[in-house]
Amino acid sequence: MTDTLVLRNVKMLEGKAADIILENGMIKEIARPGTATGDKIIDYDQKVFVSSGWIDMHVHAFPEFDPYGDEVDEIGYKTGVTTVIDAGSTGADRITDLVRSCENSKTNVFAFLNISRIGLKRVDELSDISWLDEGELMKAISKYGDFVVGLKARISKSVVGPNGVEPLKIARKFSAETGLPLMVHIGSGPPSIKEVLQLLEEKDIITHFLNGKANNLFDEREEPLPELRKAIERGVHLDVGHGTASFSFKTAEMAKKRGIGFNTISTDIYRKNRENGPVFNMANVLTKFLYLGYPLKEVIDAVTVNAAAWLNKPELGRISVGDIANLTLFSIENEPTLLLDSEGEKRMAEKRVVVKGVVINGEFIEC
């Protein structure tokens with residue numbers, strides 16, 4: 001193995017170029033561009049950006065479950081993402097299997113534990129309250145506390161069935177008892193989105209917040225619901241969670257116009273929407289936000305700094321001497337690119353994000 005690797009003439013998000021020197025998997029030095037020497041040098045000629053490794057806060061990485069499953073590395077480092085958080089694929093019954101399935105992956109993995117013990121074995125996992133088993137949930141968290149970063153509750157009509165908002169009230173109780181925040185999937189009602197918002201607290205996550213369904217976060221005048229503004233004031237975190245059915249260009253434009261910004265950009269990726277769209281990969285989702293007019297730094301911060309801060313793992317969101325290297329290398333190419341949202345709406349972008357490589361836990365891999 002090469003002891004010293006130099007990523008020469010890479011562009012930082014602040015606009016300056018630099019040489020990043022890696023030694024034995026660690027960031028040894030950040031030097032002036034074109035000056036560093038090492039055993040292996042890759043010169044990017046100031047045409048490639050470097051950021052800390054991308055973090056995807058919402059994926060489905062348990063390959064056994066269909067339709068919501070995939071191989072970790074297929075949605076992880078191979079797409080430029082160095083850390084993924086599985087968003088409730090498994091509950092207490094199968095969390096051990098998820099952990100084992102990730103043991104040989106290169107990609108860093110954490111998980112939200114589904115509040116239903118059966119997880120996504122069925123897609124109506126909150127339709128039977130008996131599956132919300134507090135004892136089994138507590139055992140799973142006790143065993144996998146370093147792996148589980150929060151609890152996942154999918155609160156939409158097809159999931160909760162006749163139970164309305166009751167599963168979220170139970171989730172709130174589980175959150176209080178474990179100290180773990182909630183990631184709440186929103187979608188079609190009932191329950192009403194207003195009922196959902198009123199139960200959310202600081203550090204809880206609303207995922208799919210830019211969906212185009214009738215039960216969304218904006219009123220008929222395209223104004224944010226008062227309950228949404230109050231939730232944001234309480235410190236509730238807004239996550240994109242693009243997915244097959246949960247991202248609308250029109251809703252995203254509405255949010256931008258009204259000053260409702262994202263905290264994190266995530267994909268809700270799994271095998272079907274990776275292979276057939278409309279997600280494809282993280283770079284494609286980030287391209288959509290550049291198309292919407294957000295600055296590059298704001299877009300990349302959403303999958304680095306902001307995600308790492310929520311995880312309370314700041315080292316994953318920075319490029320700092322002494323840290324284990326987790327980096328993503330990417331370019332912005334001036335190429336017309338057709339983009340597709342979850343409503344079937346098409347937009348043509350003038351530029352796109354292209355992943356060139358990653359350094360994951362010190363190992364450089366070209367993409």
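The values are calculated or read from the model by the stated rules, or taken from the named source; none is laboratory data. These numbers were taken from a predicted model, which means no experiment stands behind them. Note that we place each Cβ from the backbone using ideal geometry, even for glycine, and neighbour counts take in every protein chain shown. Note: areas computed on protein heavy atoms with side chains; ligands, DNA, RNA excluded. Shrake-Rupley method; radii C 1.70, N 1.55, O 1.52, S 1.80 Å.
Before moving on, here are some points about what is shown:
- Given (1) touching a strand residue (DSSP E or B) at 6+ places or on another chain (Cβ under 9 Å); (2) of a type in the set (D, E); (3) closer than 30 Å to N361 by Cβ, number of the condition E298 does not satisfy: (1)
- Counted residues, the stretch 249-272 - those being touching a residue at least 40 places away in the same chain (Cβ under 8 Å), open to solvent by 10 Å² or more (accessible area, probe 1.4 Å), over 20 Å from D70 (Cβ atoms) and assigned to a loop (DSSP other than H, G, I, E, B): 3
- Of the strands (runs of 3 or more DSSP E) lying entirely inside the stretch 1-95, the ones with 1 or more residues being more than 27 Å from the chain's Cα centre (by Cα) and surrounded by fewer than 19 Cβ atoms within 10 Å (Cβ to Cβ) are found at 4-11, 17-23, 26-31, 40-43.
- Test: residue in the stretch 200-223 that is over 24 Å from V148 (Cα atoms), open to solvent by 60 Å² or more (accessible area, probe 1.4 Å) and without any contact (Cβ under 8 Å) to a residue 12 or more places away in the chain: yes
- Test for S246: is it out of contact with any helix residue (DSSP H, G or I) (no Cβ under 9 Å at 6 or more places or on another chain), closer than 20 Å to L200 by Cβ, among the hydroxyl-bearing types (S, T, Y) and open to solvent by less than 50 Å² (accessible area, probe 1.4 Å): yes
- Long-range neighbours under 6 Å by Cβ, at least six apart or interchain, first residue in contact (Cβ under 8 Å) with a residue 60 or more places away in the chain and charged (D, E, K, R) within the stretch 312-341, second open to solvent by less than 60 Å² (accessible area, probe 1.4 Å) and part of a loop (DSSP other than H, G, I, E, B): D341/F247; D341/S248
- When G88, G119 are checked against the criterion of being under 21 Å from G161 (Cβ atoms), touching a strand residue (DSSP E or B) at 6+ places or on another chain (Cβ under 7 Å) and modelled with pLDDT of 95 or more, a single residue qualifies: G88.
- Every condition in (1) in a helix (DSSP H, G or I); (2) touching a helix residue (DSSP H, G or I) at 6+ places or on another chain (Cβ under 7 Å); (3) open to solvent by 10 Å² or more (accessible area, probe 1.4 Å) holds for E275 except the one numbered (2).
- Residue check, K356 without any contact (Cβ under 8 Å) to a residue 60 or more places away in the chain and open to solvent by 20 Å² or more (accessible area, probe 1.4 Å): no
- Residues being closer than 23 Å to I21 by Cβ and crowded, with 17+ Cβ neighbours inside 10 Å - total across the stretch 306-315: 1
- Count of the stretch 316-331 residues which are in a strand (DSSP E or B) and either of a type in the set (S, T, Y) or surrounded by fewer than 17 Cβ atoms within 10 Å (Cβ to Cβ) (or both): 3
- The test for being buried (at least 21 other Cβ atoms within 10 Å of the Cβ), touching a Pro at 6+ places or on another chain (Cβ under 9 Å) and not basic (K, R) does not hold for A349.
- Members of the stretch 224-240 found to be open to solvent by 20 Å² or more (accessible area, probe 1.4 Å) and either charged (D, E, K, R) or under 22 Å from the mean Cα position of the chain (by Cα) (or both), listed by number: E227, R229, K230, I232, E233, R234, G235
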